[in-house]
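For reference, the structure discussed in these notes is given below.
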Amino acid sequence: MPRTQIFILDCTMNVLYNLGIYLLKCGAKAASLRNDKIHKMVEGQSRTFGLLSAKMQPCGHGTTTVWIHAASLGEFEQGRPLIEMIKRNHPDWRIVLTFFSPSGYEVRKDYRSADAVCYLPFDTPANARRFLDLVSPQVAIFVKYEFWGNYLQQLSRRNIPTYIISSIFRPGQIFFRPWGGMFRRMLDCFTRIYVQDEPSRHLLASIGVHDVTVAGDTRFDRVTDILASCKPFPVVERFAASSPFTMIIGSSWQPDEEIVIPYFNSHPGMKLIIAPHEFDETRLKSIIGRISRPTVLYSKATEADVASADCLIIDCFGILSSCYRYATAAYIGGGFGAGIHNLNEAAVYGIPVIFGPRHEKFKEAHDLIECGGGFSITGNDDFNKLADRLTADPQFLAASGKAAGNYIKQHLGATRRIYDEIFQ
């Protein structure tokens, strides 16, 4: 195609992209009037530039600023090992951490290893220029996903080394579609792309993207760090101590609870810990209403209370990843909705993990099934049969847990590989 035609095509696609961002922005503002989560995002974005103006005061000559962007809390947990490795080795460097989703920002807005934490404003050309003028990063790192064309274009124009880490690509993504040219050009803005596996590297090579390293997934390093430093929770420990089999449901949604709770109600030898993904008053009442055995909320429980309870509901943030160590097996929620939550947080403790059928986008789910440490279920019958076997067959339970733990150990080291290549 002649250069003139390419230029016209690029301009047209940029106009369409910016129109899409504008419509997204308008839609978010309208939705914020009735949705508290979106309202927090819109309000947070409106404060970003003021926050950065206050936080990013000029420093001495040679000060390095690293911008790290994570879409939400899950991506933050993937990027966290790298952030903390940077801070350990370069405590004088400034870290700017941005989120797009309130589920990341609202939980980690006080994260101590970052010098500034804020929402990333919508990807308009003006916002991208203003943001980068204020932050003035020497390095930009995106975690797993998030391909924002104007930010990437500005980073490229300013010759700022830009990376994406722990990324994974699938054939159905827009980059590999005939109409995905604009998004393929976004990939050219990255100095290097760090992917989790070889299939991702091959896919990128098929569209001419070769600055790619197979480095693995930093989440394995993160969950191992949690395992090494997790704090004791005496109430949870006391709760689980009196039962030969304690199952934990992590980040559950209603469809997950409707599968596990009926089994729990009819099996008095089993104890259950539920950590719902959301736990407002309505959700908690709904969960408790389906349970026919003694139940207590973590926020109100004492060690004496849990001694006589059969179900413990975790109604606070920040402790789930450590609570998995008190369980005999884990059910990870989300597999009957948008997709499963973090399997590795549970598997690192050497316990089998169970999840729903919506796991096609999650490499670790396929790997855990293959090695015998993970199990996908499609409904109550599948779950009941599997739970019967786990509770009745100690050898099967032990072998499954060992396979899950070994899987985590075999995939450590991504953080060090990425850090060494970018910063040394």
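The values are calculated or read from the model by the stated rules, or taken from the named source; none is laboratory data. Note that the structure is a prediction, hence the values are computed from the model and not measured. All Cβ positions, glycine included, derive from the backbone under ideal geometry; neighbour counts span all protein chains shown.
Table for the structure above
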{"item": "Enumeration of residues in the stretch 315-332 that are in a loop (DSSP other than H, G, I, E, B), over 18 Å from the mean Cα position of the chain (by Cα) and in contact (Cβ under 8 Å) with a residue 60 or more places away in the chain", "result": "ALA327, THR328"}
{"item": "Residue among GLY339, GLY335 that is in contact (Cβ under 8 Å) with a residue 60 or more places away in the chain and either surrounded by fewer than 22 Cβ atoms within 10 Å (Cβ to Cβ) or assigned to a loop (DSSP other than H, G, I, E, B) (or both)", "result": "GLY335"}
{"item": "Residue tally, condition assigned to a loop (DSSP other than H, G, I, E, B) and either modelled with pLDDT under 90 or more than 30 Å from ALA399 (Cβ to Cβ) (or both), over the stretch 293-314", "result": "5"}
{"item": "Residues that are in contact with a Cys (Cβ under 8 Å, 6 or more places away or on another chain) and more than 17 Å from ARG192 (Cβ to Cβ), drawn from the stretch 110-154", "result": "GLN153"}
{"item": "Breaking point among (1) at pLDDT below 95; (2) more than 18 Å from LEU51 (Cβ to Cβ), for ILE165", "result": "(1)"}
{"item": "Filtered residues of the stretch 175-199 (kept if in a loop (DSSP other than H, G, I, E, B) and under 24 Å from GLY216 (Cβ atoms))", "result": "ASP188, CYS189, PHE190, THR191, GLN196, ASP197"}
{"item": "Selection from the stretch 200-250 of residues that are under 17 Å from SER321 (Cα atoms) and in a strand (DSSP E or B)", "result": "THR246, MET247, ILE248, ILE249, GLY250"}
{"item": "Scope the stretch 259-281; condition within 28 Å of GLY104 (Cβ to Cβ) and surrounded by fewer than 16 Cβ atoms within 10 Å (Cβ to Cβ); matching residues", "result": "GLU278, ASP280, GLU281"}
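Per-residue answers, yes or no, for (1) surrounded by fewer than 22 Cβ atoms within 10 Å (Cβ to Cβ); (2) of a type outside the set (S, T, N, Q); (3) free of Cβ contacts under 8 Å to residues at least 12 places away in the same chain:
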{"residue": "ARG158", "(1), (2), (3)": "yes, yes, no"}
{"residue": "ILE164", "(1), (2), (3)": "no, yes, no"}
{"residue": "PHE176", "(1), (2), (3)": "yes, yes, no"}
{"residue": "SER200", "(1), (2), (3)": "yes, no, no"}
{"residue": "VAL214", "(1), (2), (3)": "yes, yes, no"}
{"residue": "THR218", "(1), (2), (3)": "no, no, no"}
{"residue": "ARG222", "(1), (2), (3)": "no, yes, no"}
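Yes or no, residue by residue, for (1) free of Cβ contacts under 8 Å to residues at least 60 places away in the same chain; (2) of a type in the set (A, V, I, L, M); (3) not assigned by TED's automatic domain parsing to the domain that holds PRO102:
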{"residue": "VAL209", "(1), (2), (3)": "yes, yes, no"}
{"residue": "ILE259", "(1), (2), (3)": "no, yes, yes"}
{"residue": "PHE264", "(1), (2), (3)": "yes, no, yes"}
{"residue": "SER292", "(1), (2), (3)": "yes, no, yes"}
{"residue": "LEU297", "(1), (2), (3)": "yes, yes, yes"}
{"residue": "LYS300", "(1), (2), (3)": "yes, no, yes"}
{"residue": "GLU303", "(1), (2), (3)": "no, no, yes"}
